[in-house]
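Encoded as structure tokens, the structure appears first; notes follow it.
The values are calculated or read from the model by the stated rules, or taken from the named source; none is laboratory data. No experiment lies behind these values; they were computed from the predicted model shown. Here the Cβ is made from the backbone with ideal geometry for all residues, glycine too, and neighbour counts use every protein chain on show. Accessible surface is based on the protein model in full, side chains and every heavy atom, while ligands, DNA and RNA are left aside. Shrake-Rupley method; radii C 1.70, N 1.55, O 1.52, S 1.80 Å.
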Amino acid sequence: MVYYKGEKMEEAVLKALEYNRIIDLLVDKASSALGKELAQQLLPSSEIDEVELRQQETAAGVAVLQTAAPPLGGIRDIRKFLHKARMGAVLEDFEFVDIISTMYAMRNIKRFFKEMEASDEVVLLKGWAQAIEILGQLENNLNHVIDEHGQMRDDASVELKRIRREIKSSYSRIKDRLNSILRAAEYQKYFQDTLITMRGDRYVVPIKQEYRQFFPGIVHDQSASGSTLFIEPMAIVELNNEVKQLLVAEKRERERILKSLSLQIAQNSEILLANSELLGRFDFTFAKARLAQDMRAVRPLLNAQGYTEIRQARHPLLDPEKVVPIDIVLGRDFNTLLITGPNTGGKTVSMKTLGLQVLL
């Protein structure tokens, strides 16, 4: 979206009128990275049609907030993930979590506006919501594979379920065998501790260095002092090998599943991107609406005749309970306004109030 039209606005003018402080307030009101980005990029427009549209959007947001809070939670910036998928890369589990969360937000927003009573004020936002395309099958596929913690579900595929069941069974057999060894009377004096630990992906037991030659197995590590060796008993070497092969098979199956999901994301990336941009516009619009409410702002009546008439205007960055409202009329019967008064009498504040009102 383009938020600036017309001649270039001098940076010095924006700085002098503290426009950036208004933008900072607006950014804080946005709840997502997408909304904050649009807020940060916002610049004044000199095109009356553009300004009218922006005011209409904000007014619609205020009208909605007066009746209900829109569900804007869960929106993530998934653009980089969509680009990654389009490039043929395989997405990680946590990246799918953000996509799932954002798709859930798409569904919530669409449902919220579908259930909202139609009115002239909110018809614009209802149109945005109607444009969101729900990808139900993709959403189901993602939820079937990735859980809410970002882990791949055991039943993500029949093959993965079988492999993980065999891994669990193998681990159980290894632990049973090791517990049997640890309980064996003839080995008790060999153990530094009667516990099972792991080195790499192999189960081992801690054996005192001086008894190494009496305990059959493969040394995988030793303690810093060298007094303890971590040995894989020969009785479980084959079982450990089986587990290692199963872990390789599990990794292969996981990669296959993630590749398939990444391809589905790539195939639907244009729709997901368009939906994400709409979510960003919603968040940005409601950020404007919330800021307008906080400022007790009033939607201005715009004209193309080149005159200004503001009544009871307050500088939006000053305490509303202390600032003195002002009236300013300019451009209709006269084009020059002379402001006089003593120091600290409010001349600068008056001029900044008018300038900032124009920018806003």
Model label zone, E37; criterion: amide N under 12 Å from point 7 Å along Cα-to-beta-carbon; scope the range 58-76:
76
Return the sequence-ordered ³J(HN,Hα) values of the range 12-25 in whole Hz as given by the Karplus equation 6.51 cos²θ - 1.76 cosθ + 1.60 applied to θ = phi - 60°, using x for Gly and Pro.
4, 5, 4, 5, 4, 8, 6, 4, 4, 5, 5, 4, 4, 5
Working out 0.36 nm times the residue gap between V90 and Y104, then minus their Cα-Cα distance, what length gain in nm do you get to one decimal?
2.9 nm
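Of the listed peptides 96-108, 45-57, what is their order by residue-averaged count of other C-beta atoms within 10 Å, with the highest listed first? Walk me through the numbers on the way to the answer.
Working: 96-108: 20.3, 45-57: 14.5.
The most tightly packed comes first, giving 96-108, 45-57.
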Those residues of the range 100-138 whose amide nitrogen sits under 14 Å from the label point placed on H144, 7 Å along Cα→Cβ
136-138
At a probe size of 1.4 Å, how large is the accessible area of T348, to the nearest 10 Å²?
80 Å²
Additional length obtainable on full extension of the chain from S225 to T340, 0.36 nm per residue less Cα span
32.8 nm
So the angle from the long Cα axis of helix 93-115 to the longest Cα principal axis of the chain, reported in degrees to the nearest 10, equals 40 degrees
Calculated log₁₀ intensity ratio I(q)/I(0) where the Debye formula runs over C-alpha points of the chain, q = 0.07, 0.10, 0.12 Å⁻¹
-0.55, -0.78, -0.95
Accessible area of I236, 1.4 Å probe, to the nearest 10 Å²?
0 Å²
Between the Cα axis of helix 269-295 and the main Cα principal axis of the chain, the angle (0 to 90°, nearest 10) is 50 degrees
Kirkwood hydrodynamic radius, the range 280-357, all distinct C-alpha pairs: what's the number in Å?
14.4 Å
Sorted by average packing, counted as other Cβ atoms within 10 angstrom per residue and highest first, what order do 350-360, 248-258 take?
350-360, 248-258
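Using a cut-off of 15 Å between beta-carbons, work out the net charge of the residues near G355 (Lys and Arg +1, Asp and Glu -1, G355 not included). List each step's numbers first, then the result.
Values: positive: K15, R21, R314, K347, K352; negative: E10, E11, E18.
Value of the local net charge: +2.
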J(HN,Hα) series, the range 223-234, from Karplus relation 6.51 cos²θ - 1.76 cosθ + 1.60, nearest Hz, glycine and proline x
6, 4, 7, x, 7, 10, 10, 9, 10, 8, x, 4
Among Q188, Q130, Q293, which one shows the biggest mean-square fluctuation in a GNM of the chain, springs joining Cα atoms closer than 10 Å?
Q188
Let me spell out the model: positive unit charges on the Cβ of Lys and Arg, negative unit charges on the Cβ of Asp and Glu, origin at the Cα centre of the range 210-360. What dipole size does that give, in debye rounded to 20?
880 debye
Cα centre as origin, Lys/Arg/Asp/Glu Cβ charges: the chain dipole, Debye
860 debye
Using only the Cα atoms of the range 212-360, what are the Rg and Dmax in Å?
36.5, 108
What residue among F282, I257, N240 has its Cα farthest toward the positive end of the dipole of the range 205-288, where the charges are +1 on Lys, Arg and -1 on Asp, Glu, each on the Cβ?
F282
Lys, Arg +1 and Asp, Glu -1 on Cβ, resulting dipole of the range 56-201 about Cα centre, debye, nearest 20:
780 debye
Among T58, L38, M198, whose Cα lies farthest out toward the positive end of the dipole of the chain, if unit charges sit on the beta carbon of Lys, Arg (+1) and Asp, Glu (-1)?
M198
Projecting each Cα onto the charge dipole of the range 84-183 (Lys/Arg +1, Asp/Glu -1 at the beta carbon, about the Cα centre), which of L160, M106, L125 comes out farthest on the positive side?
L160
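As a test of the formula, what do you get for the chain when each DSSP H run with n ≥ 4 contributes -39,500 (n - 2.57) and the sum is divided by the residue count, at 222 nm and rounded to the nearest 500 deg cm²/dmol?
After summing the helix terms and dividing by residue count, I get -18000 deg cm²/dmol.
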Run the numbers for A16 and Q267: contour at 0.36 nm per residue of separation, minus the present Cα-Cα distance, in nm.
85.5 nm
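Can you tally the net charge around V329? Count Lys and Arg as +1, Asp and Glu as -1, for every other residue whose Cβ sits under 11 Å from the Cβ of V329. List each step's numbers first, then the result.
Numbers: positive: R311, R332; negative: E309, D327, D333.
Here the charged neighbours net out to -1.
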